[in-house]
There are 2 protein chains.
Amino acid sequence: MINVDALKRIVGNDWVVTARDQITGYLADETYLGVLPKPADNVVVVKPANPKEISEILKLANKEKTPVYPRGGGTGLVGAAVPTRDGIVLSLERLDKVIEVDKENMMVVSEAGVTLEHLLKSVENADLLFPPHPGDEGAQVGGMIACNAGGTRAVKYGVVRNYVKGLEVVLPTGEIVTMGGKLLKNNTGLDLMHLIIDSEGILGIITKATMRLYPKFGATATLVVSFDDRRAAIGMVPKILQAGVIPMAIEYTEKSLMEMTAKHVNMTWPAKQGTAQTIIIMAESNEDQLYGMCEQISSIAEKNGAVDVLMAETSAEQTTILKIRSEVGNAVKSKVCDALDVTVPPAAIPDMLDALDKVGEKYGIFIPVVGHAGDGNLHPNMMWEYEKKGVLKAAKHDIYEAAIKLGGVISGEHGIGKTRLEVLPMNIDPKSRELMCGIKKLFDPNGILSPDSAIC
Amino acid sequence: MINVDALKRIVGNDWVVTARDQITGYLADETYLGVLPKPADNVVVVKPANPKEISEILKLANKEKTPVYPRGGGTGLVGAAVPTRDGIVLSLERLDKVIEVDKENMMVVSEAGVTLEHLLKSVENADLLFPPHPGDEGAQVGGMIACNAGGTRAVKYGVVRNYVKGLEVVLPTGEIVTMGGKLLKNNTGLDLMHLIIDSEGILGIITKATMRLYPKFGATATLVVSFDDRRAAIGMVPKILQAGVIPMAIEYTEKSLMEMTAKHVNMTWPAKQGTAQTIIIMAESNEDQLYGMCEQISSIAEKNGAVDVLMAETSAEQTTILKIRSEVGNAVKSKVCDALDVTVPPAAIPDMLDALDKVGEKYGIFIPVVGHAGDGNLHPNMMWEYEKKGVLKAAKHDIYEAAIKLGGVISGEHGIGKTRLEVLPMNIDPKSRELMCGIKKLFDPNGILSPDSAIC
């Protein structure tokens, strides 16, 4: 049983919620319904105000062997935040302060419950930039770090891991430890900070983070380059990168999907030609650099068989394109039961697309796909109709197998969580998994933290 | 006793060296003589050809509880490679092949014993760039990764960690495991790869690495900006970064030191004015970008009190400056008993320099310093004369304390190794250290790998 009275003594009566109808929002995350885990029956939501209260909750949970599920913005796609055993959902929502935007050091210090939207605004107000943009702006800082979020802008600046320079973490056994700081170099012992990053809430609860910022871009533009076939669209990507032009994002998409999405949000998709399209976002320090880059890309596009290059330069035009791109997930959500997250070496994307076509042929299905072409990360959509046909599981398995055969992995940015645990052995050898389990046991001897995402 | 016969059966007679006079080069590294650990009496050097032989050596060492010291280029500065107990020096020198420079994926796959010099040439031949440059080009790939090497070029592109995308590692218990690959995104379970990076050879032996490459720079230039005082020189650095201009390197140095070094290598230091100087290396994709940046920096320099801005544009001029900068360590080596590696938030560098002055005053010494001003990493030189005065230990302690008080760490790029183990508790809390020890025991239950650098 969950010791509700003790929890109330720690955080105060107002911050412990037990009534089922008041906690439904805490029982699921953004995981597609086809794979969303079922929440347990007896769940208590606790909303601590600070690391000290979190420490006390975890000490209590250890004493009473109560499972604890840390929860950020609930934007995860692999069910990691879903409380699948009777226990505590520990929401970080009250740790919602951006503590400091340090202009001299170009660092932001933020509590874990700050949303990406809030973080971006605070940084923008200080005339600086936090480059990564992992999609949903309701994601919280702690969750983005625990999941090493990726997103579209990883081509030039990399994933969230690259930005994290310091963490405050409450360990499952209750100790509050700090790692790193406002530091660009730090080699002092084994790097526990980089182990906490991407640990998906099984090794500790992040309560505060220090992250690196960059100067604002002076000029941005967005190109939509259209082709008549997938291979040509994707084949252009390495040519751009090798030319010394590194855009902020290179997205692969398909016109049919974009037009459907545009309709869904009452907008018009501006790129009318071709079928396979790449969206290229450029951000440079000034307009001269930007134009030079656009010219280079246009010329590479023509040489590689593009049928059209559309350049959006005004803020409004760019916003339209990016808004439609960001709504693809929502537009198709009702038809989709799961979205995969396979990642292959960037140059293997054409082969991965061919492999998807083959899987489609084998099972008599069409697999729509969007993806981050510049970094090899693809999201094939698994439709409900595959389940009806009884081919879903087999199709997924074949896609994972194809990605691994190409030197890839089953997850590039969404993580393992609960929904991919059963396929993890396809990707991780038994010894590595044994070490991961050993690390989990070392940090969390009673296994109280996110038990069903716990790798072992 | 070391089982030399069994070692010979594994690697062949020619690759096991026992005669003391033939192994003297393997008993030390580049650690300054004031802190270089004393090697043990009974040391055998073994030179395996591949991961399989390394695996067998480690299995044997486990069975017989023999300490094993992995050795790369021997360029470390904290004694990590010195065999301080009777045991085996395992040299990676025969794993010396660059396996592939993959132009499509912009990745290099290299064996661990490849030197930085060899790696840079292979990458250059393929018209690509490996941006980091952690000093001594005799360093080897495995060592650079095990030590998360930094160097001058970390300002724009970060330290070696940022480039590593895949590893092959032989664990202390003999298993050969691979992690990652030619991947820009990878979230599949706890990130063991990022734990191996910066583990200083205590968790496993890196045998192969996949690292990200970049397009070659189209144009480079080097500026030497001179000032009459330290604070002004250093104070300019954040202004440059905030202006959106991110050079590849921003080094802080002192004219007296550069002139002494120039004399040492029979060259002339070209920047005659001022006393405190910053060397700014810029690398951009074309000359227009480069000139724009130089103009911006010159104007910021003037506003911040520079007395001279020298611009080196030809390859010869740039080489002179960089050659002299890279020889500072050698020029002063005979006078120096240890070089520290404190790192503080970049904007705290002026305060750190003031703290160094205060320590100097307190003990009646002058502390020469060079450092990576753009990333907060300073190398105060500890001179033999401090030891003669009996103030060395106290001065070091005060410098560490000052760095930590400013939010810094005792090592930014050189690591802990053996020489900084005793001061590590100043920087790492007991619980974090307990976790590091636990991880070490998990990977290496018999404690055979680099036992005296082993954190616990």
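The values are calculated or read from the model by the stated rules, or taken from the named source; none is laboratory data. None of the values given here were measured: they were computed from a predicted structure. So basically every Cβ, Gly included, is an ideal-geometry build from the backbone, and we count neighbours across all protein chains shown.
At a glance:
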| quantity | calculated |
| --- | --- |
| Unique residue being modelled with pLDDT of 95 or more and touching a Phe, Trp or Tyr at 6+ places or on another chain (Cβ under 9 Å) when the list is A:Val160, A:Val123 | A:Val123 |
| Residue list for region A:336-383, restricted to those being within 11 Å of chain B (Cβ to nearest Cβ) and farther than 22 Å from A:Ile240 by Cα | A:Asp341, A:Val342 |
| Residues of region A:340-353 classified as closer than 15 Å to A:Glu254 by Cβ and surrounded by fewer than 21 Cβ atoms within 10 Å (Cβ to Cβ), total | 1 |
| Within region B:266-289, tally of residues that are modelled with pLDDT of 90 or more and either touching a Pro at 6+ places or on another chain (Cβ under 7 Å) or farther than 12 Å from B:Val224 by Cβ (or both) | 7 |
| Qualifying residue in region A:284-296 (condition: part of a strand (DSSP E or B) and within 14 Å of chain B (Cβ to nearest Cβ)) | yes |
| Among the residues listed as B:Pro238, B:Pro215, B:Pro134, the single one being closer than 27 Å to B:Lys418 by Cβ and surrounded by fewer than 24 Cβ atoms within 10 Å (Cβ to Cβ) | B:Pro134 |
| Residue within region B:54-69 that is in a loop (DSSP other than H, G, I, E, B) and closer than 29 Å to B:Lys335 by Cβ present | no |
| Complete set of residues in region A:277-327 that are touching a residue at least 60 places away in the same chain (Cβ under 8 Å), surrounded by fewer than 16 Cβ atoms within 10 Å (Cβ to Cβ) and hydroxyl-bearing (Ser, Thr, Tyr) | A:Ser298 |
| Out of A:Val45, A:Val114, sole residue that is within 19 Å of the chain's Cα centre (by Cα) and within 27 Å of A:Thr419 (Cα to Cα) | A:Val114 |
| Residue in region B:388-399 that is surrounded by 16 or more Cβ atoms within 10 Å (Cβ to Cβ), among the charged types (D, E, K, R) and within 14 Å of chain A (Cβ to nearest Cβ) present | no |
| All strands (runs of 3 or more DSSP E) inside region A:304-373 with 2 or more residues being at pLDDT 90 or above, more than 20 Å from A:Lys405 (Cβ to Cβ) and not aliphatic (A, V, I, L, M) | A:336-339 |
| Any hit, region B:395-415, residues being of a type outside the set (Gly, Ala, Ser), over 20 Å from the mean Cα position of the chain (by Cα) and at pLDDT below 95 | no |
| Within region A:400-417, considering residues that are crowded, with 24+ Cβ neighbours inside 10 Å and more than 9 Å from every other protein chain (Cβ to nearest Cβ), the one nearest to A:Glu30 (Cα to Cα) | A:Gly417 |
| Enumeration of residues in region B:418-437 that are facing chain A (nearest Cβ under 9 Å), among the basic types (Lys, Arg) and within 19 Å of B:Gly76 (Cβ to Cβ) | B:Arg420 |
| Residue in region B:181-204 that is in contact (Cβ under 8 Å) with a residue 12 or more places away in the chain, of a type in the set (Asp, Glu), out of contact with any Asp or Glu (no Cβ under 9 Å at 6 or more places or on another chain) and assigned by TED's automatic domain parsing to the domain that holds B:Gly305 present | no |
| Entirely in region A:86-174, the helices (runs of 4 or more DSSP H) that have 2 or more residues that are touching a helix residue (DSSP H, G or I) at 6+ places or on another chain (Cβ under 8 Å) and away from chain B (no Cβ under 14 Å) | A:116-125 |
